[in-house]
Amino acid sequence: MFIGHFGAGFAAKSAAPEVSLGTLFLAAQFLDLLWPTLLLLGVERVRVDPAATGINPLVFEHYPFSHSLAAVAGWALLAGLGYLLIRRDRRGAIVFALLVISHWLLDMIVHRPDLPLYPGSAMRVGMNAWSSLPLTLAIEGSLFALGIFLYARVTSPADAIGKWGLAGLVMFLLVIYLGSLSGSPPPGAAAIAWVGQLQWLLVLWGYWIDRHRRVAMPETGTRPQSQPR
Ligand SMILES: [Zn+2]
């Protein structure tokens, strides 16, 4: 799962308009931002096998700290509390924590049964949508489209960067996603980890765009939903 996670980040803007898109990307991709570092440290392991699934050539041999349900719940709690402490925004903190958990749930739809419930757990889950290219494209594509639709509805460009920066990001994500589906498998675990670190640039891109877009005020709608704070 790649653009589907970014779809979740985009979509969350409608639940917490005060939170920057960069922060929402950080939350939605928290586990996959942590994972490359754990790979580089040798704490977690991945192997390249072009026959692993119909689509994703990776065998996730060992990733209990970034991708077991219990660890993810812990990360969500820690990240949510951290956000609350820094920003004093309870709704934003809840959205942040839920996005961290959404990553695992979305991964569960596409991964083979390789997601552990807790570190050391023999039981692993995954619904293996990656066995089918049309199904994967339908799931990720609709999540991504829905996310962009919601983000574009809640925000409007404040200037040209807000408009073209968003269009550029959407195109860029689609190009690297489709490239990853059709390209040759990565040469090895180290390459995967280093490319994974580049995702931090997407988080920065999210912050940049968000600063050039303004939140459309819900007060003008039929159902005012903002509370005095
Ligand atoms: Zn993941």
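The values are calculated or read from the model by the stated rules, or taken from the named source; none is laboratory data. Here the structure is a predicted model, which means the values were calculated and not measured. Please note: Cβ atoms are built from the backbone with ideal geometry, for glycine as well, and neighbour counts cover all protein chains shown.
For the range 1-17, enumerate the residues that are within 16 Å of the ligand (Cβ to nearest atom) and either surrounded by fewer than 18 Cβ atoms within 10 Å (Cβ to Cβ) or of a type in the set (S, T, N, Q) (or both). Break it down into steps so the answer makes sense when it comes.
Residues of the range 1-17 within 16 Å of the ligand (Cβ to nearest atom): 1-9.
Within the range 1-17, no residue meets the criteria.
If you go through the range 117-130, how many residues are more than 13 Å from Asn56 (Cα to Cα) and within 13 Å of the ligand (Cβ to nearest atom)? Show your work before the answer.
Of the residues in the range 117-130, the ones more than 13 Å from Asn56 (Cα to Cα) are 117-127.
Okay, now just the ones that are also within 13 Å of the ligand (Cβ to nearest atom), so 126.
Qualifying residue count for the region: 1.
Please go through the range 136-170 and pick out each residue that is of a type in the set (Gly, Ala, Ser) and closer than 15 Å to Trp208 by Cα. I'd like the intermediate steps shown before the answer.
We begin by selecting, within the range 136-170, every residue of a type in the set (Gly, Ala, Ser); these are 138, 141-142, 145, 147, 152, 156, 158, 160, 162, 165, 167-168.
Ser156, Ala158, Ala160, Gly162, Gly165, Ala167, Gly168, listed by residue number.
Within the bounds of the range 210-223, is there any residue that is of a type in the set (D, E, K, R) and modelled with pLDDT under 95? Reasoning before the result, please.
Start the filter on the range 210-223 by keeping residues that are of a type in the set (D, E, K, R), which leaves 210-211, 213-214, 219, 223.
Right, trim to modelled with pLDDT under 95 and you get 219, 223.
Yes, the range 210-223 has at least one match.
Could you tell me whether any residue of the range 85-98 is buried (at least 20 other Cβ atoms within 10 Å of the Cβ), closer than 20 Å to Glu140 by Cβ and either more than 17 Å from the chain's Cα centre (by Cα) or among the hydrophobic types (A, V, I, L, M, F, W, C) (or both)? Steps first, please.
Going residue by residue through the range 85-98, those that are buried (at least 20 other Cβ atoms within 10 Å of the Cβ) are 92-93, 95-97.
Subsequent filtering for residues that are closer than 20 Å to Glu140 by Cβ retains none.
So far as the range 85-98 goes, no, none of its residues is buried (at least 20 other Cβ atoms within 10 Å of the Cβ), closer than 20 Å to Glu140 by Cβ and either more than 17 Å from the chain's Cα centre (by Cα) or among the hydrophobic types (A, V, I, L, M, F, W, C) (or both).
Do we find that Ala70 is over 21 Å from Ser14 (Cα atoms) and either free of Cβ contacts under 8 Å to residues at least 40 places away in the same chain or surrounded by fewer than 18 Cβ atoms within 10 Å (Cβ to Cβ) (or both) in this structure? Reasoning before the result, please.
Numbers: over 21 Å from Ser14 (Cα atoms): yes; either free of Cβ contacts under 8 Å to residues at least 40 places away in the same chain or surrounded by fewer than 18 Cβ atoms within 10 Å (Cβ to Cβ) (or both): yes.
Considered against the rule, which asks whether it is over 21 Å from Ser14 (Cα atoms) and either free of Cβ contacts under 8 Å to residues at least 40 places away in the same chain or surrounded by fewer than 18 Cβ atoms within 10 Å (Cβ to Cβ) (or both), Ala70 comes out as yes.
Quick one: what pairs do we get from the range 84-112, first residue aliphatic (A, V, I, L, M), second within 11 Å of the ligand (Cβ to nearest atom) and part of a helix (DSSP H, G or I), C-beta under 6 Å, 6+ apart or different chains?
Taking only residues 6 or more apart or on different chains, the pairs are Leu99/Ala28; Val100/Phe30; Leu106/Gly4.
For every residue, the table says whether it meets (1) more than 19 Å from the chain's Cα centre (by Cα); (2) among the aromatic types (Phe, Trp, Tyr).
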position: Leu26; (1), (2): no, no
position: Leu33; (1), (2): no, no
position: Ala52; (1), (2): yes, no
position: Phe65; (1), (2): no, yes
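Run His62 past the list (1) touching a residue at least 24 places away in the same chain (Cβ under 8 Å); (2) farther than 21 Å from Val175 by Cα; (3) touching a Lys or Arg at 6+ places or on another chain (Cβ under 7 Å); (4) surrounded by 14 or more Cβ atoms within 10 Å (Cβ to Cβ) and report the number of the one that doesn't hold.
With (1) touching a residue at least 24 places away in the same chain (Cβ under 8 Å); (2) farther than 21 Å from Val175 by Cα; (3) touching a Lys or Arg at 6+ places or on another chain (Cβ under 7 Å); (4) surrounded by 14 or more Cβ atoms within 10 Å (Cβ to Cβ) applied to His62, the lone miss is (1).
Is it the case, given these coordinates, that Ala28 is in contact (Cβ under 8 Å) with a residue 12 or more places away in the chain, within 17 Å of Gln199 (Cβ to Cβ) and not β-branched (Val, Ile, Thr)? Talk me through it step by step, then tell me what you get.
Numbers: in contact (Cβ under 8 Å) with a residue 12 or more places away in the chain: yes; within 17 Å of Gln199 (Cβ to Cβ): yes; not β-branched (Val, Ile, Thr): yes.
Yes: the conditions hold for Ala28.
If you take just the helices (runs of 4 or more DSSP H) that sit entirely in the range 18-90, which of them hold at least 3 residues that are closer than 20 Å to Tyr177 by Cβ, of a type in the set (A, V, I, L, M, F, W, C) and within 15 Å of the ligand (Cβ to nearest atom)? Lay out the reasoning, then the answer.
Details: elements: 21-28, 30-40, 64-67, 69-87.
Per the criteria, 21-28, 30-40.
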